[in-house]
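The values are calculated or read from the model by the stated rules, or taken from the named source; none is laboratory data. Every value quoted in this text rests on a predicted model; they were computed, and no experiment measured them. Note that each Cβ is placed from the backbone with ideal geometry, even for glycine, and that neighbours are counted across all protein chains shown. Just so you know, the surface numbers come from the protein's heavy atoms only, side chains and all, with ligands and any DNA or RNA stripped out. Shrake-Rupley method; radii C 1.70, N 1.55, O 1.52, S 1.80 Å.
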Amino acid sequence: MNMARFWFRIGVCTTIIGLCIFFSNIATQGPSSTVGGQFSTGPNGTWAELYVPLLSGSKEIRINVPRSFEGTLYIFDYEGTKRLVEDGIREPILEENFKGSTLVDFALSRRGAYTIVIESHVPQTSQGTTGIVQKGGIKADMLQDSAIVILVGLTISGIGGALKIIRSHKPTHNLSQKQACALACLEIAVGFVSIGSFICE
Amino acid sequence: MTDNRFLMNLSWELKNLFRFPFPEILLALFTFTVFLPHVSTYSADINLNDVSSQEITGQIAHVSTYQGAFASVSAYLPLAVLGSIFGTLAFAYEIENGLLMVHLSHPTSKRAVFLSKWLSCFLVAFVTLSCTLLFFTFLYVPENSFYLITNSHLTLSLMLLAAMETFVIVSVTVSFSIFSRKASVSLVGSFATLYILQLLSQTSGLSYLPPASFYSQVELLFHAGSLSMLFNSSISLVFAAFLAVASYLYFSRRLELA
């Protein structure tokens with residue numbers, strides 16, 4: 001198999017993978033689910049739990065604690081968790097004070113690893129439960145990722161196709177075959193980048 | 001000369017099975033089944049004062065790969081369908097139509113022909129399944145991809161799992177194909193066998209049959225498994241190895257071509 005055909009096939013395969021991710025996401029739309037469990041904090045202590053992954057979309061977190069409990073709920077994304085652990089810097093994507101049992105609505109733009117931290121403001125040991133309800137529906141971030149995979153696949157197959165066309169024609173210009181290949185690849189890449197940026201906008 | 005001939009046979013078989021659109025269809029089916037949303041969010045308590053970011057990243061990478069490994073079992077049916085087709089095309093179809101006679105009229109041994117055909121069937125399924133699983137793992141938590149590249153033991157475990165699953169399927173389909181010698185019998189028979197195995201493992205709770213045994217392999221590779229898990233995961237592998245050896249011996253010594 002020559003290189004042009006090889007890259008064309010790789011591009012086609014990548015496009016197919018992207019299309020299948022797209023359709024599998026649309027076909028099922030993801031059922032709703034609830035994750036969570038019990039927690040316990042010491043006097044004025046903190047409790048943290050890592051969730052892998054929390055999917056994108058709207059969510060609600062239910063916190064069941066005694067009426068006398070006062071605390072703050074933090075949600076950290078992946079980078080925020082790293083910064084919290086490494087330097088102790090708190091940069092949560094959500095911060096909410098609460099007293100007694102509460103229900104907090106929030107939305108995530110991307111799936112990923114998130115850390116839920118509950119900080120107790122009462123001077124005794126407290127126990128409670130948390131539950132995150134993830135609602136079903138089409139995941140926009142997954143669709144976006146599949147679109148990127150499709151775009152990459154089309155670019156690769158386009159480059160493969162261009163290589164094939166260039167190799168099968170005799171040059172009618174002053175460029176060498178390598179220069180012509182490079183120019184064609186550059187033109188295709190620029191074309192796809194412009195299409196991609198247009199889609200993203 | 002024989003080694004050279006083996007490589008020539010292998011490249012010929014690979015060209016046959018990797019021709020358009022076999023890998024594309026495999027990829028499409030695997031991706032669709034593996035990427036159907038498996039909503040299973042993992043959660044773990046962490047002690048913020050006693051954990052490093054490296055440990056958190058490692059934990060996330062482990063979960064991503066484990067979920068990918070778990071999702072690989074849902075590719076069992078497409079693997080069974082395509083495995084039956086490849087096994088039939090490589091062996092039974094050629095035996096039935098006399099194409100194998102043409103192969104063997106060249107200065108080559110039956111062993112080389114068998115190994116090249118078996119390897120090509122294995123490779124086409126293994127490469128496509130691995131690609132799909134790696135895509136799944138890297139897209140599961142996208143921030144984590146760099147860790148997965150630098151710590152290759154997780155991705156290698158995933159590929160080992162794909163290899164074990166493919167080995168079981170290809171061994172069953174190829175042996176069915178060689179012993180039946182008829183394309184239609186091989187195609188329907190090997191798929192029916194694999195489908196019945198799946199039904200039995202699901203309905204009768206026989207966890208040493210595939211695909212239930214694949215779950216034990218996942219647990220063994222990614223968590224410390226028990227003795228029963230070792231038993232469940234090794235039964236299908238041992239049986240597949242037995243089938244592969246039996247079909248190799250039959251093909252290289254007993255197979256008579258009319």
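General observations
- Flag for A:Phe39 being more than 30 Å from A:Ala147 (Cβ to Cβ) and at pLDDT below 90: yes
- In the condition set (1) away from chain A (no Cβ under 14 Å); (2) of a type in the set (S, T, N, Q); (3) assigned to a helix (DSSP H, G or I), B:Thr108 is compliant with all but (3).
- Selection count where residues are closer than 30 Å to B:Leu89 by Cα and either open to solvent by less than 30 Å² (accessible area, probe 1.4 Å) or part of a helix (DSSP H, G or I) (or both), scope region B:11-47: 21
- Number of the exception - B:Tyr208 against (1) part of a helix (DSSP H, G or I); (2) touching a helix residue (DSSP H, G or I) at 6+ places or on another chain (Cβ under 7 Å): (1)
- Lone unmet requirement of (1) open to solvent by 40 Å² or more (accessible area, probe 1.4 Å); (2) not in a strand (DSSP E or B) for A:Val12: (1)
- Residues satisfying the stated conditions in region A:129-142, i.e. more than 10 Å from the chain's Cα centre (by Cα) and open to solvent by 30 Å² or more (accessible area, probe 1.4 Å): A:Thr129, A:Lys135, A:Gly136, A:Ile138
- A:Ile21 fulfils the conditions (1) within 9 Å of chain B (Cβ to nearest Cβ); (2) surrounded by 14 or more Cβ atoms within 10 Å (Cβ to Cβ); (3) in contact with a Pro (Cβ under 9 Å, 6 or more places away or on another chain) except for a single criterion, (3).
- Residue in region A:52-89 that is farthest from A:Lys135 (Cα to Cα), counting only those that are assigned to a strand (DSSP E or B) and of a type in the set (Gly, Ala, Ser): A:Gly71
- Residues (among the charged types (D, E, K, R), under 24 Å from the mean Cα position of the chain (by Cα) and more than 10 Å from chain B (Cβ to nearest Cβ)) located in region A:97-128: A:Asp105
- Close pairs from region A:14-42: first touching a residue at least 60 places away in the same chain (Cβ under 8 Å), partner in a strand (DSSP E or B) and open to solvent by 30 Å² or more (accessible area, probe 1.4 Å), Cβ under 6 Å, at least 6 apart: A:Val35/B:Ser43; A:Gln38/A:Thr129; A:Ser40/A:Gln127
- The set of residues in region B:64-78 being open to solvent by less than 10 Å² (accessible area, probe 1.4 Å) and within 10 Å of another protein chain (Cβ to nearest Cβ) consists of B:Ser64 alone.
- Residue ID - least open to solvent (accessible area, probe 1.4 Å), chosen from residues in region B:48-61 that are more than 9 Å from chain A (Cβ to nearest Cβ) and assigned to a helix (DSSP H, G or I): B:Ala61
- Scanning region A:129-149 for residues that are at pLDDT 90 or above and away from chain B (no Cβ under 12 Å) gives A:Thr129, A:Ala147.
- Residue in region B:189-212 that is more than 17 Å from B:Ala244 (Cα to Cα), within 13 Å of the chain's Cα centre (by Cα) and not hydrophobic (A, V, I, L, M, F, W, C) present: yes
- The set of residues in region A:25-51 that are assigned to a loop (DSSP other than H, G, I, E, B) and either of a type outside the set (Gly, Ala, Ser) or in contact with a Gly (Cβ under 6 Å, 6 or more places away or on another chain) (or both) comprises A:Gln29, A:Gly30, A:Pro31, A:Ser32, A:Pro43, A:Asn44.
- The listed residue being over 30 Å from A:Glu70 (Cα atoms), surrounded by fewer than 17 Cβ atoms within 10 Å (Cβ to Cβ) and hydroxyl-bearing (Ser, Thr, Tyr), out of A:Ser157, A:Ser168, A:Ser146: A:Ser168
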